Structure formats: C-alpha cells, structure tokens
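The values are calculated or read from the model by the stated rules, or taken from the named source; none is laboratory data. If you're wondering where the values come from, they're calculated on a predicted model, not measured in any experiment. Note: ideal-geometry Cβ built from the backbone for every residue, glycine included; neighbour counts use all protein chains shown.
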Amino acid sequence: MAFLDVQNLTKTFGQTTVVKGVSFAFDKGEFISLLGPSGCGKTTILRMIAGFERPTSGSIEVDGRDITHLKPNQRQLGMVFQAYALFPNLNVGDNIGFGLKIAGMPAEQRRARIDEMLKLIGLAGFDKRYPYELSGGQQQRVALARAIAPRPRMLLLDEPLSALDAKIRVSLREEIRAIQLDLGITTVFVTHDQEEALSISDRIVVMNAGNIEQLGAPHEIYNKPATRFVATFVGQLNTIEATVLDAAARTVSIDGQAATVPALPATADNGSAVSLTLRPEVLSVGARQGNDITLSGTIADVTFLGSVIRLRITLGSNLLSLDTFNDQRTAPPARGEKVTVSLASKDLLVL
Amino acid sequence: MKTNRFWAWLTFALGAAYFIVPLLATFEFSLRMRRGTYSFDAYASVFADPYFVSSFGYSVVIGLVTIVVGVLVVVPAVYFVRLRMPWLRPFMEFITLLPLVIPALVLVYGYIRLYNSSSIIPFTGSALGTDILLTGAYVTLALPYMYRAVDNGMRTIDIGTLTEAAQIMGANQAQIIGRIILPNILVAILSGAFLTFAIVIGEFTIASLLNRPAFGPYLVGIGTNRAYEPAALAIISFIITWGAMGMINVLGRFAPRTSARTD
Amino acid sequence: MTNTASPRRIPWDALAVAPFIIFAVMFLFLPTLGIIGAAFTDRAGSFTFDNIFGLFTDQILAAYWISIRISGASAFFGALIGLAIVLAIIRGRLPAPLRSAVMTFSGVASNFAGVPLAFAFIATLGRLGLVTIVLKFLGLDIYRSGFNLLSFWGLTLTYLYFQIPLMMLTIAPAVDGLKKEWNEAAQMLGASQFQFWRYVGLPILWPSFLGTLSLLFANAFGAIATAWALTGSNLNIVTVLLYNQIRGDALQNPGLGAALALGMIVITSLANVIYLVVAARAERWMK
C-alpha cells in the first residue's frame, strides 16, 4: 500500500494545462524528487499536495486518506519554502514552536521539543535570535526544524536550496538527507538542479511540460534515460552522428568505423543517419580494456576543473565532451593536440 | 478563498460608499440653487465673483513662489547632505518631521509673536513682508513632503556615482547640479511641487491669521454668507486637488526606471 | 592654475545647506522656542508658572479633552478602517487597476481637507444635506434621533474623510511587504487565517500601524479649518480656542495663549514619544 498516492492529477490555469494527468505512488520513508525545468509543473504538483492549489481533477492520498479537498492547515504536512519564509517577528524558538503552539502543546513540552529540534539542526542555543540575525543557511535549517517539529506525516521541500551559496547548498542538502533518513519521514523535494536530485533522492520523477518523462532511482535515470529529454536534462550528453550499415545486425558506421550498437530505432533503414548519444565519462583518452571503438580527433578546448579535466574533441563532424581525471604528474593536454579516444559500443545510447 | 473575496469586496464597497456619497451629495447640492430644477447657477455665481478670482489668483501666485523657494531650499541641502555630509541626515529627517508634529496654528502664533512690526525682522509690518512670511510658513508646511519626494528621487539615481562621473569629465559643481542632477530628479521635484500646490491652494489657518486675501479665508467667508456656492466651491476644490494629484501620477510614469513610484 | 597654492575653494557644502538650516531656525525653532518662552513669562517679562496653572480651568481642560477625543477617535477609526480597506484590496486580491485607482483617490482625499471638506459634509449630512433628506424620506430623521454634524461624532465622521486615505497611503507599503509565503507557512503548520493574523500578520504590521496612528492623531489634533468652517467659533476644541486667542486675545492673557499652544506641542510630542517607545519594543525583530 503506497503512502503517497497521486492519481491522474491535472491542473489547468485558464487556457493552459500545467499538469497533465500525472500519477505516481511512493512508499513510506522515501525521499522523492520532482525534477524538471521551470514551468514543467513540478511546483504546481507540490502546491496541490500542500493544498495551496486545487486540482482540476485527480486525487491525492496520503497514508490511505484522501486529502484532495482538505484545507492546507488540516493536512498535517510540513513544508520548507525557497525563500525561508521564517516569521520575522518571532525568534528562532518561537518559529520552531509555532506549529506546536497552534496544535495546543503545553509550553513545557514545547520547550523540550524546540531544544530537541535545535540540537538536530546544529543550532542549539540560537532560540532567542531573530531571523535577520541568521545567515541564509541557518535560516533554512530553522525553517526545516519548524516544518518537522509538529511531526508532520510528510515533508514538502520547495526548492529549499536554490537561494543559498554553492558550498552551503551541498552541505545543507547532505544535512537534510541525514535528518530525513534519521526520522524516516516521507519527503517530496522539488528542484530544477539535476545534481541535487541525483545526490539526495531515493527516487526521481523527471517532468517536462506537465508530464512525467521518467520515474526511477537516480542511477536508473542517469544510466538508462527513457527519453531524449531525460538524457539531456540529467547530466551531460554527447551526440555522435552515424550511418546505419545494417539495421537487422544493428551495425552502424561512425566516422568510417563499423560498430555494433545495443539498439536502433525501429524506423532506421540501411544507409539512414542516426544520432547516437553517450555520457562524457564513458569516453577515454587512448585505448582502454573493453572499449571496442577507437576514434581519432583533435582537442578543441580544455577546461581545467580541479580534480577533473573536461576536453572538447573534434571527431570529424562531431564535437564530443570528455572528462578525464587530473593527473598531478603530467600537464593537462593542450589545444590542437591529436588524440585517440575509445569507447565501448554497449555504452552508446540510441534515443 | 471565496468568502475571503466576498469580505474584500464588501469592505471595499462600504469604503467606496463613504468616499463617493459626500461627493455626489455635494455635487447635487451645488445644482440646487435655482428652485425646482438643477442648474449650474451656483458655479456661475462663483466665477462671477471678483473676490473668487482675486483670492484664487493670490493663492496660485503664493503657491508657485512657495514651490520655487521650497525647491531652492531643499534640493541643494539634500544633495550635499547625501553626498558629503551623511552625518547631517538624522538631523534633516528630524527637522522635516517637525511640521507634522507641531500644529501649523502654533507655528503661526509663533511667527506673529516673533515677527511683529516692532521686532528685528518686522515681517508683519507691511503687506509684502506678510506675503514673504506667508510663503515661508507654506514652505515649512510643505517641507516634509518636498523633502521626502526629493530624497526619494536622489536615492533612486545614485547621485554619488553620477557626480563622480561628471567630475571626471570636467564638470564643475554648478554644471553637475544644473545639467545632471536636476534633470534626473525633475519628476520627483514636480511630484513634491504638485503636492505643495494642493496643500497651499486652500490653506485657511495661516492665511487668515496673517490677514492675507487668500483662497482659504475667502472660502470660509462664502461658507458663512451663502448656501449653494460653498458646495460648488467644494467641488471646484476637489477637482483642483484631483488635478494636482493626477499630475503626480502622470509624472510617475516618466520617472527614471529604477525609481520607486513616489505617489 | 595652481590649486595647491590657493586652497580657497568655494565651500559649496556649507553654502548649500545653510538656507535649509536658516529656514529651519527662522520658521521652526525660533517660533517654537518663542512660544515656549512666552508660556513661562508674565506680563512684566519675568519667569512664572502662572500661565501653565492657568490652563487648569474647566473651559480649557474641556477644550483639550474634546480635541484629544476627536483626534483619538478619528485616528483610531481612520487607522482601523484604512487598514481594513488596504487589506481588502491587497490581500483580498481585488483587481489591480482598482488598486491603483483607489491609491490615486487616496492621494486626493487625504489632501481634500480644510474648508471644502466642511462644505461637502454640510451638503451631505447637514440639516439640508442629501443623505439627511434621503434618510428622512426613508423614515429616519437623524437630527431628531440626536445626530448633529457639529458634534463629536459629526466632526469625527468628517475627519475620517482625510484620515482613512492618509492611513491607506502610509500603511500600503507595509502590507505589500507581507510575504505570501508567511501565510502559507502558517497554514502548513496548522494555523487558521485568524491565527496567522493574530501571531504573524498583525504583529508585523504593528510598528507601521502605531507610527501612522500617531501621525493621524497629530494631523487631527492640529486641524482647525474644517472645524472652523463647520461650526464657526462655537465648538470648544483647543485649536478653535487658540485661534480666537490669536485673533483677538480671547483669553485676555497672551501668556495663557502661549501656554495653550505649548500644551498642544506637548500632547502631539507625547503621541510621538509613546509611538517611539512602543515601536522600539515591537520592532526588536527588525534590522
């Protein structure tokens, strides 16, 4: 029995349908990301789960109870907003205790729960501070504590990291994940940042234009993208133009070299052009065991990223991106150098 | 959500009724001069009154002079305080709030005591002197509004950078203010000017205590002697105020794009 | 040009600020100090408290009291009603064009004070006013049931015509500053709309509300033109009393007149001091 069960959810604003019959179901304790570009409908879904938007049709069940038509304040959910949304007139302790106070918890118990929450987010002793005295990261941690203090049935996170600095973003997302695992609370996380979604989630719903493109664990989404949209939106992707040699045998010609690919589109005829795609990290400079295709090209550009060096390599008519690890003992390759690159034909994706 | 909207509309409707009914009632009253039928006789009577023309003209002139003096006093002060003497700002803010705290009636009492015909500066000793005093009083009255408008205007255009840019190109101080700063805050100044005008044009207390033939005292005189003309004059005054405020709104659209509307 | 040799540059700063300072001294400080001085001076020119003691007569105290009541009531109701209308327009999501029209109208109405306002209310709620006549036609004779435009409530009702818009103009930016997310966060934590306003919305608006309240109070307290045009010299409010004193020494004691004016300054200052103290406590959470 699914804990969060969304069925045929549709939302129309005036003439435009922003969520088009979306269904998904998740188990208790899962961390779910809704990932997609802005305007894909992910935030609208979250706001419908929260109760701020009324679905045009469809239903939302949490823990076997239909909450589609409940008011937001009856749903017992917790939510963290993009811009913190801490109450500026209340200090940290009162912010965290707000939901408890509304629920009528006696002051003493509330005190204990607030202290427990402050310890959980690593801000013990901050209860008398006001929001303006805190950094963005601290404010967002308080917002998280405020959301989970009343022990909500589910936690909703609306791009909670996007207003923060890059470094804090990474450390806070790890912290959020640790707390979520610790409490075992079912969490729905909305983000447009694929790296964030990949690193934090149990499962990801990739959305585009109001539809689900793919639903799966992070490694499934990354390794086996179901659609071209998913493949390009999640992670970097190279495209190689190839010519079909024999559709039945799944052989193609890449830059004059024959290769057998895992699959070909049904429409591919002998002699027609196909686009093959592959991740930057499956390409290697020079030969490597298991790589059955070797191509030669010229380095067009070198980007030094620290532990990783990203090369852009011209291969005939194709421009490929390739990541290699930085080797402290040798200088990075230079622009204009001739290189050979190799890849395994089984890593080629046909979309 | 539905009920929320209902209460919003209800509140708005009640508020609107309170503000619109007196205007309609006044207008209706102003048309009743001729028995048994509506007419614009009251308006005709007002415009035919030579005292209307003279007192209104007097107030317009005083209003314009007030605006000019106000701008000359406020603009350079705000500019230099913002640019060079930020430590004076709290003091400026305090001064410009005073006219909102000290009633105009008290101030004019102070003027009459201080600047009477036997004092060092006998403003009230002559008609011209009293006119000058009246103008000074009006500048004071409008000070909070003029200051706020100009200060807002200067905040939005970052006068520090503009001034430095002009200095590097060799402009002198007068050129900077005249050619760079003033044109950029013109809209803000005009907003303050129209507000000043709206305040000055019907002002009664100070003008009547200084015995000047202004529009405000004229209105009170009409109020005690006539029945329908006051209503007509109220409508005329409302239209004048509306005109001044409407100008501020129109000007707001021409303000520098970064500016927060000052209306 | 040897700038280094002759450091006599024109002191623009001082020249530019001087008129402002001179103006403030001539038209604000000196007159006020003059009044304060006169309030403590007897006819012979020596220091005295007699003028201050002289204020404690029934007539003068009554005048102060009526003024305070009218200013307090019109400020209080003006602030409440003004806030309600602003909330209805901004939070009730009424159409945007309506909002800008209302704000423009507020700019006009807040400046539509003084004599013309009195005329308008005479034409509306005077004995021959349209509303009076219509209500009488409908069977409600407001004057027979005790209403009088020249009374406490009549004057308060009239003052509201500029007090409400003034409140709306000053409080609108604060209401705009209330973030939608605060309301949503409160709802997610189980709060009703009432609870949101009780614990979050109104406390955030409170300092601005108080500030405007004291402004409205001073605004009404110093007003005279409307009252004068409505009632002539009949109404015993402190501004009318002082006006008569300035005009013709009605109290037959210039020192007492100065004391009366000083009392007005003290009361409006007090309103501001109370605001500053309360706001400082309510604003702990502000930067």
Residue check for B:A137: more than 11 Å from chain C (Cβ to nearest Cβ), assigned to a helix (DSSP H, G or I) and either touching a helix residue (DSSP H, G or I) at 6+ places or on another chain (Cβ under 9 Å) or in contact (Cβ under 8 Å) with a residue 12 or more places away in the chain (or both) | no
Qualifying residues in region B:83-117 (those that are within 27 Å of C:G263 (Cβ to Cβ) and small (G, A, S)) - the one surrounded by the fewest Cβ atoms within 10 Å (Cβ to Cβ) = B:A104
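Among the listed residues A:E220, A:E213, A:E241, identify the single one that is more than 22 Å from A:S342 (Cα to Cα), out of contact with any Asp or Glu (no Cβ under 8 Å at 6 or more places or on another chain) and assigned to a strand (DSSP E or B).
Details: A:E220 fails: assigned to a strand (DSSP E or B); A:E241 fails: more than 22 Å from A:S342 (Cα to Cα).
Among A:E220, A:E213, A:E241, only A:E213 is more than 22 Å from A:S342 (Cα to Cα), out of contact with any Asp or Glu (no Cβ under 8 Å at 6 or more places or on another chain) and assigned to a strand (DSSP E or B).
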If we keep just the residues of region A:35-88 that are in contact (Cβ under 8 Å) with a residue 40 or more places away in the chain and more than 26 Å from the chain's Cα centre (by Cα), which is surrounded by the most Cβ atoms within 10 Å (Cβ to Cβ)?
-> A:F87
Look through B:Y43, B:Y38, B:Y18 and report the one residue that is away from every other protein chain (no Cβ under 12 Å), on the phi < 0 side of the Ramachandran plot and surrounded by 13 or more Cβ atoms within 10 Å (Cβ to Cβ).
-> B:Y43
Give the residues of region B:132-187 that are of a type in the set (S, T, Y) and buried (at least 16 other Cβ atoms within 10 Å of the Cβ), sorted by residue number.
-> B:T135, B:Y138, B:T140, B:Y145, B:Y147, B:T156, B:T163
Picked from region C:107-144 (must be β-branched (V, I, T) and facing another protein chain (nearest Cβ under 8 Å)), the residue surrounded by the most Cβ atoms within 10 Å (Cβ to Cβ) is C:V115
If we ask which residues in region B:100-123 are closer than 21 Å to C:N111 by Cβ and more than 7 Å from every other protein chain (Cβ to nearest Cβ), their number turns out to be 1
Can you spot a residue in region C:88-98 that is within 11 Å of chain B (Cβ to nearest Cβ), surrounded by fewer than 22 Cβ atoms within 10 Å (Cβ to Cβ) and part of a helix (DSSP H, G or I)?
-> yes
Condition set at pLDDT below 90 and out of contact with any Leu (no Cβ under 8 Å at 6 or more places or on another chain), scope region C:245-259, selection farthest from the other protein chains (Cβ to nearest Cβ): answer is C:Q252
Enumerate the pairs (first residue in region A:166-186 and in a helix (DSSP H, G or I); second residue anywhere and aromatic (F, W, Y)) with beta-carbon separation below 7 Å, excluding pairs fewer than 6 apart on the same chain, so at least 6 apart or on different chains.
-> A:R177/A:F31; A:Q180/A:F31
Unmet requirement for A:V19, which otherwise passes all of (1) crowded, with 23+ Cβ neighbours inside 10 Å; (2) more than 14 Å from chain C (Cβ to nearest Cβ); (3) over 19 Å from the mean Cα position of the chain (by Cα) = (3)
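Quick test for you: out of B:I235, B:I185, pick the one residue that is assigned to a helix (DSSP H, G or I), in contact with a helix residue (DSSP H, G or I) (Cβ under 8 Å, 6 or more places away or on another chain) and either within 22 Å of B:P76 (Cα to Cα) or away from chain C (no Cβ under 11 Å) (or both).
Within the list B:I235, B:I185, the selection yields B:I185.
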Here are some residues: C:N51, C:N3. Which one is of a type in the set (S, T, N, Q), in contact with a Leu (Cβ under 8 Å, 6 or more places away or on another chain) and at pLDDT below 90?
-> C:N51
With the condition kept exactly as written, say whether any residue in region A:236-248 is touching a Phe, Trp or Tyr at 6+ places or on another chain (Cβ under 8 Å), more than 11 Å from A:L35 (Cα to Cα) and among the polar types (S, T, N, Q).
-> no
Does region A:17-57 hold any residues that are over 26 Å from A:G235 (Cβ atoms) and either modelled with pLDDT under 90 or assigned to a helix (DSSP H, G or I) (or both), and which are they?
-> A:R47, A:M48, A:I49, A:A50
For the subset of region C:45-84 comprising residues that are in a loop (DSSP other than H, G, I, E, B) and aromatic (F, W, Y), which member is nearest to C:F152 (Cα to Cα)?
-> C:F56
Checking A:A217 against (1) surrounded by fewer than 17 Cβ atoms within 10 Å (Cβ to Cβ); (2) more than 14 Å from A:V22 (Cα to Cα); (3) more than 13 Å from the chain's Cα centre (by Cα), the condition it does not meet = (3)
If only one of A:T324, A:T303, A:T294, A:T340 is surrounded by 13 or more Cβ atoms within 10 Å (Cβ to Cβ), at pLDDT 85 or above and either of a type outside the set (G, A, S) or closer than 30 Å to A:P265 by Cβ (or both), which one is it?
-> A:T340
Of a type in the set (F, W, Y), closer than 22 Å to C:P207 by Cα and assigned by TED's automatic domain parsing to the domain that holds C:L205 - does that describe any residue in region C:76-90?
-> yes
If you scan region B:188-211, which residues turn out to be outside any helix (DSSP H, G or I) and either buried (at least 24 other Cβ atoms within 10 Å of the Cβ) or of a type in the set (G, A, S) (or both)?
-> B:G202, B:E203, B:F204
Given A:A268, A:A287, A:A263, which one is within 22 Å of A:P333 (Cα to Cα), of a type outside the set (K, R), modelled with pLDDT under 80 and not in a strand (DSSP E or B)?
-> A:A287
